[in-house]
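Read-outs: derived from the displayed coordinates by stated rules, not from any lab. These numbers come from a predicted model, not from an experiment. Note that we place each Cβ from the backbone using ideal geometry, even for glycine, and neighbour counts take in every protein chain shown.
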Amino acid sequence: MSLLSALSLICGLLLHVSFSTSNSYPSIPRQTISYQNKLKTFREDGIFNYSTMLIREDLGMLVLGAREAIFALDLNDISVEKTAVYWRVTEEKQSECMQKGKQAEVECRNYIRTLHNVNKTTMYVCGTNAFSPTCDYMTFVDGQLRLKGKQEEGKGKCPFDPFQRYSSLMVESDLYSATSMNFLGSEPVVLRSSYLPLRTETNSNWLSEPSFVHMELVGESFKSQDGDDDKIYLFFSENAKEYDFYSKVVVSRVARVCKGDMGGQRALLRKWTSFLKARLDCSLSEASLPPIVQDVFLLKNDDWRKSVFYAVFTPPSSLSQTSLVCAYSVSAIRDIFNEGKFKTSVVLETSHTKWVMHAGEVPVPRPGACIDNVARNMGMNSSQDLPDKTLQFIRDHQLMDEAVQPMTAGPLLVVKGPLLTRIVVDCIMALDGQNYSVMFVGTENGYVNKAVNYGGEMFIIEEIQLYEEPVPISTLRLSESKGQIYAGSEFGAVQMPVSNCSRHATCVDCVLARDPYCAWDLATKQCSSVTGVSNTALQSLKEGDSTQCPQPDPVMAVNLVLVPGNNIQLLCQAHSNLAQMHWRHSGQTLCPNDKYYIYNWGLLIVGASTSDAGLYICDSVEQTAGRIYSRTVTAYQLQLSSVGRTTTPSNGFTKLFDSYGTNTTKTSSISNQDGGDLLAESQSNRVTGFEVAVILLSLMCFSLITVVIWTWSKGHLRCLKLAQSTSQSQVERQSVEYMHIQNRTSEKRRHGPQSVRPLNANNNHSAVDFKGNGGQLSTQMPNISTLDGLGYINDESEI
Ligand SMILES: *[C@@H]1O[C@H](CO)[C@@H](O)[C@H](O)[C@H]1NC(C)=O
Ligand SMILES: *[C@@H]1O[C@H](CO)[C@@H](O)[C@H](O)[C@H]1NC(C)=O
């Protein structure tokens, strides 16, 4: 027993801590949508690594590149395969690759890495081809994908190593690629394959062990007053040469080149004359090592100046679990490249190099600038006309002195826990007429977080589990026109809609979700897409104000029997991860202690006594945008039972049932208590990751105690064990079922005595015995599968 009390002391402390700490970053998604079989999925047996995607809106197709296969899927439903083509490594290639020391089954395969549009009928595709990158043209004619079999050299267009990061982009018929040129992966290059190929110099000042992430074209020539050129932006991370550190420091970068670059004439022949790079900043605190960019998405605007790059960053060391999302305006990046100071290296007496701001003169035309009106007025119509002074300067100075800062000074999103991997951003006009950027961010464990930053407040609407297995999401694509997101991973591709408003059943749920895609339609009494609601709809994104919602129907109390001495579990499911469950017993708020355990799906009363009879009300208290909302979710009326008391009280835990002996038709209605009082009584009103962890720990402690008691009291505890091992959703289901049983019983009772037997063995509803007699009852607890077997709960619509 001393072990027990020690344990409960620890748990008590933990619980206390969990209610007294708080965190300013609500990195907890408001709702968790667990994996559902209903998701549209594509996978083929024996095929893995579904990581390259090309959306063909014109053909209604998602072209999906995997290991040794390319599929054309229906954009509306990717589980529908239209056609496929296989591109397997030859035995010869595979054995060559193995002889060079690579693993046959993993590395010496053909991973499709590059998929671009050439024209309406032709695509360009490259694969790693057993460490011998190869490219080919692929046609889509008469509903069939076909490879041309051209076997073009893929060096510099596609990585050798399937595990290495790369990026590429097709602009008109030129392929821009950022990858490694050699087998060892040690010769990085930013290459343009065109009638006039251009590349970076082999010099670690240009690129130092980079990891390429993303490339994007920005059409800056459009209506340009200075006759400027379009640019290709490249995001990557690399070793920072500019830092004086004993160990390597990896930093994130944005670089750019001009589309019209033709290289130099003598200096920089066939090399970029416009390659400039700058550090990309995104941090929570100055002191820490810089985070590393993992993926970038360009949210395009008709006016390119208003286009915004969204970037995902992960911590530099595995010690941290905090990922960030920062946004950068295209015009801010452009200003740094067009007007900023350069960095230069100086050699000190100790022959040690130091990087400082270049304070001297900068030649004209400005090094790294595209050919614009300034250059044209000087008689220079192409980069080949640039003077040596300009070219020599740019050959030695690619790095800008100033770093690019995020638009909002800090991150738009901070997420603790499984790291973020990929991002897409959708822009949606909400009911208030404003545009909101909704971020969809994939994680390393198969989830997508849907988040919005409401004027500085980071809000994760929901996390959606796309894969049953905890696999990293390796590709994320958005089709705005279809309102669909496509995710790729090792095990398959999954499609999800940008929103599913019907998930919110009530007005309060719909409004508190603060989802820009959804509004509560007062006319149809449904949570619907903003594009389809009537003109009487409610939405409150920045405030999350649900007070305009119609009064909910009063909650009916469920009558239950109290057996003194037993432990009682009352179920009450939170609708939101941000909500705290508050319980009131006959008007008094219950505080968690040795007797009352309050957790996210219910209340446990340990060793109930006669004084525990009475009305129990479960309120969900949620803080949103600084306001507190409270609503009554469930209520129970605990009544002493004469039947139950005739048997000796056992030390077993009893999940409560209604009993024949009590008046089941009696219900009480409870009105919602206002949130202010509750706030005063609560010790904290925020649930943070830490708190959840502590609560989970407490629950684990609790399970431990359970196990201890269990071994000690030999099998009287099946119910509790069942409850502890049952998943949350099952518990929810159970709670609904019990209420259901109760309702059924009360219905039948009104119809006369013989219908009081709907749940006994004669009616195939065995295993449920409604006599509330302590220990005996607990041994007759139905398990979940038995409950599923009950005829009337098989109908999902009833639940
Ligand atoms: C491809 O998928 C397989 C199977 O899951 C995995 O073992 C392998 O590491 C993956 N390869 C790459 C390059 O991700
Ligand atoms: C598409 O591009 C391919 C490869 O460059 C070319 O052979 C073909 O003629 C083009 N087709 C059309 C319709 O332009």
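Within the straight-line cut-off of under 24 Å between alpha carbons, the lysines reachable from residue 354 are 241, 248, 277, 341, 343, 389, sequence neighbours fewer than 8 places apart in one chain being disregarded. Phi angles of segment 335-343 translate, via the Karplus equation with coefficients 6.51, -1.76, 1.60 and θ = phi - 60°, into HN-Hα couplings of 4, 5, 6, 7, 10, x, 7, 9, 9 Hz per residue; Gly and Pro are given as x. Around the amide H of residue 471, modelled in the peptide plane, lie the amide H atoms of 446, all under 5 Å away and 5 or more residues distant in sequence or on another chain. Amide H to amide H distances under 5 Å link residue 466 with 447, 448, where only residues 5 or more positions off or on other chains count and H is placed in the peptide plane. When both bridge partners sit in segment 214-373, DSSP labels roughly 95% of those beta bridges antiparallel. Amide H to amide H, with H built 1.01 Å from N, residue 117 comes under 5 Å of 124, counting only residues 5 or more places away or on other chains.
The spacing between segment 168-242 and segment 558-573, judged by their C-alpha centroids, is 66 Å. For the residue pairs 82/155; 40/482; 82/482; 157/231; 40/150, the C-alpha atoms sit more than 23 angstrom apart in 82/155; 40/150. Positive contributions from Lys and Arg (+1) and negative ones from Asp and Glu (-1), summed over other residues with Cβ under 15 Å from the Cβ of residue 358, come out at +2. Centroid-to-centroid, using Cα positions, segment 261-286 and segment 123-141 are 29 Å apart. Quick one: pull the percentage of alpha-carbon pairs in segment 127-186 with a separation above 16 Å. Looking at segment 127-186, the distances longer than 16 Å represent 49 percent of pairs.
With a Förster radius of 35 Å, plug the Cβ-Cβ distance of residue 628 and residue 359 into 1/(1 + (r/R0)^6) and report the FRET value to the nearest 0.05.
Numbers: r = 56 Å, r/R0 = 1.60.
Efficiency for this residue pair is about 0.05.
For segment 210-221, putting each phi into the Karplus relation 6.51 cos²θ - 1.76 cosθ + 1.60 with θ = phi - 60° gives couplings of x, 10, 7, 10, 7, 9, 8, 9, 10, x, 6, 6 Hz, in residue order, rounded to whole numbers and with x for Gly and Pro.
Listed by chain and number, the aspartates and glutamates whose C-alpha is less than 18 Å from the C-alpha of residue 223, apart from same-chain residues fewer than 8 away, are 302, 303, 335, 372. The peptide list 480-493, 377-390, 569-582, put in order of mean Cβ contacts within 10 Å with the highest first, becomes 569-582, 480-493, 377-390.
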